[in-house]
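The structure appears right after this line, and notes come after that.
The values are calculated or read from the model by the stated rules, or taken from the named source; none is laboratory data. Keep in mind that this is a model prediction, so the values were computed, not measured. Heads up, the Cβs are rebuilt from the backbone with ideal geometry, glycines too, and the neighbour counts pull from every protein chain shown. SASA here: full protein model, heavy atoms, side chains in, ligands and nucleic acids out. Shrake-Rupley method; radii C 1.70, N 1.55, O 1.52, S 1.80 Å.
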Amino acid sequence: MLRVDVLTLFPEMIVQAVGHSMLKRAQEKGLLTVQVHNLRDYTLDRHKVADDVPYGGGAGMVMKAEPILRAVDALRGQARTDGDEIRLLFPSPQGRPFTQDQARTLAAERRRIVILCGHYEGVDERVREALQPEEVSVGDYVLTGGELPALILIDAATRLVPGVLGDPESVVEESFSDSLLEYPHYTRPAEVRGMTVPEVLLSGHHEAIRLWRRKQALRRTYVWRPDLIRDRSLSSEDQRLLNEIISEGVSSTPVRCGEEG
Ligand code: ADE
């Protein structure tokens, strides 16, 4: 059971997104709880001001420290009353890159996960100083706020909570769980606009299908993400398949979307 609290100025962004598909079902099954808190509710002034101009001047607004500190105090207090602790995450492009390994640690987390979503130009530095949150980046690009990253963390972790996905094998088999990209998938019909399904998948021959898929996964990884193969040792079967791939030449592999050939 994963328990997540999100602190944000835009609660609807989170509420909407977790109200669909697997995240919705995970909540219905009691495997995930997401509570969304509006930081404006923790402001102290009549106008509920959560941001202000930066000291020293410059463009943009900075999120005020006090509402954030009060919100985190409140959540920590609540957790303590229930005999729990919190783990505070702060999405930021300066953070440690988020990986599947970290998704796994989140999925297994016993503490309540609190995600603080920053916005505007930044957050008053005293929030970092006082709370020392774990800063997490979802990639080397800059987003307008921490809400989309928060959803990425929640999504990646939730699908690894046992019982969330119907078929436990799909988690074990898939891309990145053993650092290979996924093999191609096909469903009915057997022909779409003249494009057919590889014969072996229609053969019913389980071992041949397994080997074909493994080889495809290796081929894609070798061509698109050779770094993932370089960093791991291969079983003798994988090494044999990879030798086949190399000797066949890899130029027949389709070009990845968005890339030139
Ligand atoms: N906030 C803005 N950009 C971000 C990123 N790349 N990762 C995490 N949080 C962010």
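Total residues in segment 185-212 satisfying the condition of being of a type in the set (Ser, Thr, Tyr) and open to solvent by 100 Å² or more (accessible area, probe 1.4 Å): the figure is 2. In segment 213-231, the count of residues that are modelled with pLDDT of 95 or more, open to solvent by 60 Å² or more (accessible area, probe 1.4 Å) and of a type outside the set (Lys, Arg) is one or more. Among the residues of segment 1-53, those identified as of a type in the set (Asp, Glu) and within 29 Å of Lys64 (Cβ to Cβ) are Asp5, Glu12, Asp41, Asp45, Asp51, Asp52. Among residues of segment 98-118 that are in contact (Cβ under 8 Å) with a residue 40 or more places away in the chain, those with a beta-carbon under 8 Å from a residue that is within 14 Å of the ligand (Cβ to nearest atom) and of a type in the set (Ser, Thr, Tyr) at least six positions away or on a different chain give the pairs Phe98/Ser137; Cys117/Thr8; Gly118/Ser92. In a residue-by-residue description of segment 181-200, the property of being out of contact with any Asp or Glu (no Cβ under 6 Å at 6 or more places or on another chain) and in contact (Cβ under 8 Å) with a residue 40 or more places away in the chain applies to at least one position. Is it fair to say Ala108 is of a type in the set (A, V, I, L, M) and within 16 Å of the chain's Cα centre (by Cα)? Here the answer is yes, as Ala108 does meet what is asked.
Scanning segment 118-177 for residues that are more than 14 Å from the ligand (Cβ to nearest atom), at pLDDT below 95 and not small (Gly, Ala, Ser) yields Leu165, Asp167, Pro168, Glu169, Val171, Val172, Glu173, Glu174, Phe176.
Going by the conditions given, is Pro91 surrounded by 13 or more Cβ atoms within 10 Å (Cβ to Cβ) and over 30 Å from Leu180 (Cα atoms)? In short, no.
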